[in-house]
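Quick notes on the structure that follows.
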Amino acid sequence: MSIGLPRKLLAGFIAIAVFMTGDGFELTFLSKYIVDQGFSSSQASLMFTMYGLMAAVAGWASGVLAEMFGAKRIMLIGAISWICLHLVFLTMALPSGSYALMLAVYAMRGVGYPLFIYSFVVLISQTVDPGKLATAMGWFWTAYSFGIGVFGAYLPSFTIGWVGEYGSLWLSLPFAVAGLLICLALVPSTRNEKTEGMSAKEKFHELSRGATILVENRQIALAAVVRVICNLTLYGFPVIMPLYLATHTNGGGAWFEVSQWSQIWGFQFVVTVFGNVFWGRMGDRYGWMRQMRWFGCWGCVLGTLGMYYIPRFFGGNMALMCADAIVLGLGISAFVPMGAIFPALAPEHKGAAISAHNLASGLTTFFGPLIATVLISTVGYSGVCWAYAGLYAVGSLITVFIRPKQPGFDERGRRLKGKGATVLESRKPLESSGELAQPEPECRG
């Protein structure tokens with residue numbers, strides 16, 4: 001297709017969008033709900049932090065596990081584990097009032113969604129030509145954004161007034177189950193003859209390489225740092241912004257209702273839906289690294305600080321907050337090429353490279369809330385926002401030293417005049433190379 005959307009994987013993109021709608025239902029209100037139950041903002045933030053830690057481990061393992069045992073099988077395992085643990089969270093952990101039980105169950109549930117979405121990336125990389133991989137990853141993050149951001153944020157803004165916050169948590173289940181069923185019925189299965197012949201020891205070695213490659217390959221390590229940085233606000237803001245914008249906790253201003261914050265956050269994801277496709281195509285056409293450096297990092301600096309200062313100076317101005325959501329959404333989605341960069345930096349170990357990418361993707365769900373947990377009680381919301389903005393600026397500097405072999409460009413990201421041969425060579429499917437081929441997303445977006 002001219003728009004870069006693989007027809008064969010269309011059902012998979014739909015499954016990602018539907019499943020992540022269920023996973024994203026809680027993001028805009030769960031931290032406030034936990035505080036309303038009598039727990040501190042730091043305790044609420046810690047729950048998200050531990051969730052992110054488990055997601056990081058699952059993200060690291062997902063790429064190679066999908067290659068070893070089949071992407072569809074690992075997707076189904078991830079979805080089933082999420083659904084079962086969400087039921088335990090709703091029926092046992094939350095009603096018990098035990099923080100330890102809530103923390104443990106919610107953290108374990110963090111394993112589910114990375115196995116589901118990052119295993120699907122294996123299918124993408126086995127299907128799409130390397131020269132068009134960033135475009136395809138743009139569609140992946142578009143599906144992800146539709147789910148976790150657009151529907152996952154907007155629907156609760158209406159359901160909270162209807163069934164309350166606890167009831168809204170139950171409404172996430174039908175979406176997760178629907179995503180599971182779509183995957184079961186319509187997502188194609190794949191085989192990898194190379195890994196089927198591996199011994200258990202060889203499979204474990206390949207899995208561990210997803211971490212050791214960070215030490216062996218300096219470029220991969222630098223890219224992993226940027227991958228962690230690029231989505232910090234995507235996972236940090238849902239923790240602190242409901243408290244900052246809708247309560248007086250820790251110096252919050254209560255300028256908005258939680259439902260209004262959900263609409264602002266949902267609007268940002270509407271922007272990323274279009275931004276993911278736009279930046280995917282722009283990155284393939286004009287260069288991955290320059291796009292991330294200037295539009296990704298610095299767009300996120302401006303958007304992050306705007307989220308804090310706009311209500312301080314202009315109060316509950318929805319129009320200005322939505323304008324800032326456009327800036328932040330375009331900045332976050334400009335990191336879409338990250339999924340193509342990792343395998344390009346280690347073409348001889350694509351499986352390990354994408355496992356490192358997925359590990360970094362999971363770690364951003366850990367460090368985003370962790371920064372808030374550590375800083376919120378000492379430097380407040382302003383300190384947390386400035387910490388995020390400062391890290392984005394550091395990420396811009398790091399991109400200068402990352403030089404992937406992008407089809408049609410030299411190692412410094414400059415387009416080659418006679419790029420025809422380079423691009424044609426790149427269009428050999430990854431699966432035919434015999435490597436453990438993958439990449440992952442988003443960046444969330």
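The values are calculated or read from the model by the stated rules, or taken from the named source; none is laboratory data. A quick note: this is a predicted structure, and the numbers were derived from the prediction, not measured. Please note: Cβ atoms are built from the backbone with ideal geometry, for glycine as well, and neighbour counts cover all protein chains shown. Each accessible area value is taken on the protein alone, full model and side chains, heavy atoms only, with ligands, DNA and RNA left out. Shrake-Rupley method; radii C 1.70, N 1.55, O 1.52, S 1.80 Å.
Observations
- By average C-beta atoms within 10 angstrom, highest first, the peptides 135-144, 349-358: 349-358, 135-144
- Accessible-area value, residue 18, 1.4 Å probe, nucleic acids and ligands omitted, Å²: 30
- Highest-first packing order for the peptide set 73-85, 109-121 is 109-121, 73-85, based on the mean count of other beta carbon atoms within 10 Å.
- Counting lysine pairs in the chain whose alpha carbons fall under 17 angstrom apart, excluding pairs fewer than 8 residues apart on the same chain, gives 15.
- Here the Debye sum runs over all C-alpha atoms of the chain as equal scatterers in vacuum, and log10 of I(q)/I(0) at q = 0.07, 0.08, 0.11, 0.14 Å⁻¹ comes out as -0.30, -0.40, -0.77, -1.27.
- Ratio of Rg to Rh for the stretch 247-291: 1.29 [Cα atoms; Kirkwood radius as inverse mean 1/r over pairs].
- Cβ-derived FRET efficiency at R0 25 Å, residue 181 paired with residue 92, nearest 0.05: 0.50
- Sulfur and carbon atoms: percent of accessible area, the chain [1.4 Å]: 67
- Ranked from largest to smallest solvent-accessible area, with a 1.4 Å probe on the protein heavy atoms, 151, 274 come out as 274, 151.
- 222 nm mean residue ellipticity, helices alone, for the chain (DSSP H n ≥ 4; -39,500 (n - 2.57); rounded to 500): -23500 deg cm²/dmol
- Selection among 127, 116, 272 by position relative to the dipole of the chain gives 127 as farthest towards the positive end (Cβ unit charges, Cα centre).
- Heavy-atom accessible area per residue - the chain, 1.4 Å, Å²: 36
- For the stretch 50-179, the alpha carbon convex hull comes to 107 Å³ per residue, rounded to a whole number.
- Peptide packing for 217-229, 330-342 was compared via the average number of neighbouring C-beta atoms within 10 Å per residue; ordered from the highest value, the list is 330-342, 217-229.
- Unit charges at the beta carbon, dipole of the stretch 1-100: most positive-side option, 95, 53, 29: 53
- Label-to-label distance for residue 323 and residue 254 is 2.8 nm, based on points extended 7 Å past Cα in the beta-carbon direction.
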